[in-house]
1. In segment 136-175, how many residues are more than 18 Å from Leu265 (Cβ to Cβ) and either in contact (Cβ under 8 Å) with a residue 12 or more places away in the chain or not charged (D, E, K, R) (or both)?
2. Which numbered condition trips up Leu323, out of (1) in a helix (DSSP H, G or I); (2) among the hydrophobic types (A, V, I, L, M, F, W, C); (3) farther than 20 Å from Ser113 by Cβ?
3. Out of everything in segment 122-141 that is closer than 28 Å to Tyr346 by Cα and under 8 Å from the mean Cα position of the chain (by Cα), what residue ends up being surrounded by the most Cβ atoms within 10 Å (Cβ to Cβ)?
4. Just to be sure I understand the filter: pairs with C-beta atoms under 9 Å, separated by 6 or more residues or on different chains, first member in segment 91-114 and without any contact (Cβ under 8 Å) to a residue 12 or more places away in the chain, second member basic (Lys, Arg). Which pairs pass?
5. Does Lys321 satisfy being of a type in the set (D, E, K, R), under 23 Å from Thr136 (Cα atoms), touching a strand residue (DSSP E or B) at 6+ places or on another chain (Cβ under 8 Å) and surrounded by fewer than 24 Cβ atoms within 10 Å (Cβ to Cβ)?
6. Given (1) under 19 Å from Asp335 (Cα atoms); (2) surrounded by fewer than 22 Cβ atoms within 10 Å (Cβ to Cβ); (3) not aromatic (Phe, Trp, Tyr), where does Gly259 come up short, assuming only one miss?
7. Applying the selection to segment 263-291, what residues are assigned to a loop (DSSP other than H, G, I, E, B) and farther than 21 Å from Glu228 by Cα?
8. Out of everything in segment 168-218 that is out of contact with any Pro (no Cβ under 9 Å at 6 or more places or on another chain) and among the hydroxyl-bearing types (Ser, Thr, Tyr), what residue ends up being surrounded by the fewest Cβ atoms within 10 Å (Cβ to Cβ)?
Amino acid sequence: MSCSVAVPSSPVFSLFNNNDNNNSNSSSSAEPLMLSLPPITTPSCSSTSPPSSPLLKKKRPAKLDIPVASLAFGIAVTPPSPPPRDAAVEVDGPGFSVYCKRGRRHHMEDRYSAAVDLHGQPKQAFFGIFDGHGGTKASEFAAHNLEKNVLDEVVRRDESDIKEAVKHGYLNTDSEFLKEGLHGGSCCVTALIRNGNLVVSNAGDCRAVISRGGVAEALTSDHKPSREDERDRIETQGGYVDVCRGVWRIQGSLAVSRGIGDRNLKQWVIAEPETKVLKIEPQHDLLILASDGLWEKVSNQEAVDIARLGNNRQQPLLACKKLVELSVSRGSVDDISVMIIKLQNYV
């Protein structure tokens with residue numbers, strides 16, 4: 001017999017696109033098995049010829065010829081899982097390089113943004129790494145909107161009020177995301193370069209590390225429930241922090257205490273960033289922005305050492321890859337995004 005199986009084609013997507021993929025399952029109803037039977041031949045008696053024996057001989061019925069009907073079961077085969085988002089993405093841009101590698105999740109939830117020559121000014125740029133959780137909506141939204149919202153606030157305010165401008169840029173982005181009715185959240189770390197100043201901000205556990213003549217210095221502090229001031233803030237607002245399987249979490253759920261989104265925990269997970277401003281000096285050779293997938297396995301100084309080696313050889317993209325692979329070799333299963341920015345381009 002023959003068996004017809006309908007398998008839907010797999011969806012195709014592009015990485016770092018605003019649109020998420022929707023699986024479409026096709027199914028067909030089963031058709032009944034149809035057996036076509038020819039009429040059964042019965043013995044015939046002649047009315048003119050008498051039987052040759054007092055007993056009638058029973059004739060064997062003709063052999064039944066049962067054709068095998070086509071079995072169009074229409075089996076609803078579960079379509080193959082849609083292909084995961086690209087295992088990695090790499091970009092070698094003007095003055096920066098970025099490499100992102102998907103972990104064990106089906107979709108990469110990390111995103112990045114990079115804008116150079118802002119407003120036609122070669123010494124002005126904006127960079128960001130966004131580590132999504134609970135889906136890609138929040139990280140995508142932040143990657144596409146945070147830069148504009150921050151710059152709008154910077155233009156509106158006096159240059160001396162740059163920290164307040166960045167703060168309101170983050171808060172406005174968070175408010176806009178929540179108004180969209182979307183779910184999920186995202187940690188953020190950004191670097192605004194303007195008028196020779198480096199303005200680094202973070203909300204969550206993405207981190208920025210600068211190299212000062214080869215010496216690593218963290219410019220951000222991770223926002224986690226285990227941080228004493230963060231735990232106090234959460235508990236003051238009526239929330240609780242506890243340890244679940246060795247990880248500090250808010251309400252037994254989220255392991256970060258700041259970020260964009262997270263509407264169900266918004267009372268405790270705030271989007272207000274912490275910001276540091278410093279003048280870019282000749283000894284500041286590079287800046288590393290990365291998601292926690294790197295920092296959980298690689299120290300700040302290790303990251304700077306590898307990044308400087310790549311920078312000296314004019315291979316910063318290769319350095320990004322080496323940092324990611326080092327974290328993976330040490331057991332990281334998270335999405336990992338690493339960006340190296342050449343600060344000497346902005347001195």
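Throughout, read-outs are computed from the coordinates displayed, never taken from laboratory work. Just so it is clear, the model here is predicted, and its values are computed rather than measured. Using ideal geometry, Cβ is built from the backbone for each residue, glycine included, and neighbour counts are taken over all protein chains shown.
1. Of all residues in segment 136-175, those more than 18 Å from Leu265 (Cβ to Cβ) come to 136, 140, 143-169, 172.
Those left that are additionally either in contact (Cβ under 8 Å) with a residue 12 or more places away in the chain or not charged (D, E, K, R) (or both): 136, 140, 143-147, 149-155, 159-160, 162-163, 165-169, 172.
The total comes to 24.
2. The one condition Leu323 does not meet is (3).
3. Initial filter on segment 122-141 (closer than 28 Å to Tyr346 by Cα): 122-131, 139-141.
From what's left, under 8 Å from the mean Cα position of the chain (by Cα): 131, 139.
Values: Asp131: 29, Ser139: 33.
Ranking the qualifying residues of segment 122-141, first place goes to Ser139.
4. So the pair list comes out empty.
5. Numbers: of a type in the set (D, E, K, R): yes; under 23 Å from Thr136 (Cα atoms): yes; touching a strand residue (DSSP E or B) at 6+ places or on another chain (Cβ under 8 Å): yes; surrounded by fewer than 24 Cβ atoms within 10 Å (Cβ to Cβ): yes.
So Lys321 fits the description; yes.
6. (2)
7. Taking segment 263-291 first, the residues assigned to a loop (DSSP other than H, G, I, E, B) are 266-269, 271-273, 280-283, 291.
Ile280, Glu281, Pro282, Gln283, Ser291 - these are the residues of segment 263-291 that are assigned to a loop (DSSP other than H, G, I, E, B) and farther than 21 Å from Glu228 by Cα.
8. In this case the residue turns out to be Ser175.
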